[in-house]
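Written below as structure tokens is the structure these notes are about.
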Amino acid sequence: MQITALISVAALAIGTNAAVIQRQGTDNPRLAQFRVFSDTGCSNLNEGFYTVDQDQSNQCNSFTDSGIPYVSIRLEDLEPAAAGCELILYSDATCLVNATNATLGTCNNAPGEKVGVSAPTWNSWQLVCPTSS
Ligand SMILES: *[C@@H]1O[C@H](CO)[C@@H](O)[C@H](O)[C@H]1NC(C)=O
Ligand SMILES: *[C@@H]1O[C@H](CO)[C@@H](O)[C@H](O)[C@H]1NC(C)=O
């Protein structure tokens, strides 16, 4: 009984690792890429880019883990597999406030007033895609 339980847990752990290793591929195509900046205007303080694969679509993603303020964001690439998908940016960390449709190639400054040196930031995002049913 004890041994059986242990084996089941081990099998589950292996299954989880396999799912993590199997990332982008034909079953999980790359959909989009966007670039993040810590200044307004999508030019200065380039902090790098995020890629979005299919298994990351239709879920809310917070930026707060990065510890970096993202003040402006540009959607750089939408792959053919992303037909009908929209990158939505939000002011809060839970994909609720100030939903903004980030269209391809345009710079999106986070809405709000700059207070002293603190510019308003984007704090979550979601790639909303048509779901096949
Ligand atoms: C988002 O922008 C795209 C491209 O301009 C447009 O086709 C789409 O309707 C917009 N979606 C919303 C929810 O406004
Ligand atoms: C939402 O946008 C408005 C301006 O349109 C801004 O004043 C407000 O601070 C924003 N909310 C958050 C949580 O940043």
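Points worth noting:
- Test result for Val128, closer than 30 Å to Thr26 by Cβ and touching a residue at least 24 places away in the same chain (Cβ under 8 Å): yes
- The conditions of being more than 14 Å from ligand 2 (Cβ to nearest atom), surrounded by fewer than 18 Cβ atoms within 10 Å (Cβ to Cβ) and not in a strand (DSSP E or B) are met by Gly41.
- Here Glu47 meets the list (1) in contact (Cβ under 8 Å) with a residue 24 or more places away in the chain; (2) more than 16 Å from ligand 1 (Cβ to nearest atom); (3) part of a strand (DSSP E or B) almost entirely, failing just condition (1).
- Residue in the stretch 76-107 that is nearest to the chain's Cα centre (by Cα), counting only those that are free of Cβ contacts under 8 Å to residues at least 40 places away in the same chain, within 12 Å of ligand 1 (Cβ to nearest atom) and buried (at least 16 other Cβ atoms within 10 Å of the Cβ): Leu89
- Matching residues in the stretch 48-90 - criterion: being in contact with a strand residue (DSSP E or B) (Cβ under 7 Å, 6 or more places away or on another chain), closer than 12 Å to Trp125 by Cα and within 16 Å of ligand 2 (Cβ to nearest atom): Cys60, Ser62, Phe63, Tyr70, Ile73, Ile88, Leu89, Tyr90
- Tally, over the stretch 91-118, of residues that are assigned to a loop (DSSP other than H, G, I, E, B) and either in contact with a strand residue (DSSP E or B) (Cβ under 8 Å, 6 or more places away or on another chain) or within 19 Å of Gln33 (Cα to Cα) (or both): 15
- Of all the residues in the stretch 51-75, those that are touching a residue at least 60 places away in the same chain (Cβ under 8 Å) and not polar (S, T, N, Q) number 3.
All of the numbers you see were taken from the coordinates with simple rules; none came from a lab. Note that the structure is a prediction, hence the values are computed from the model and not measured. Quick reminder, even Gly has a Cβ in these numbers, built from the backbone with ideal geometry, and neighbours come from all protein chains shown.
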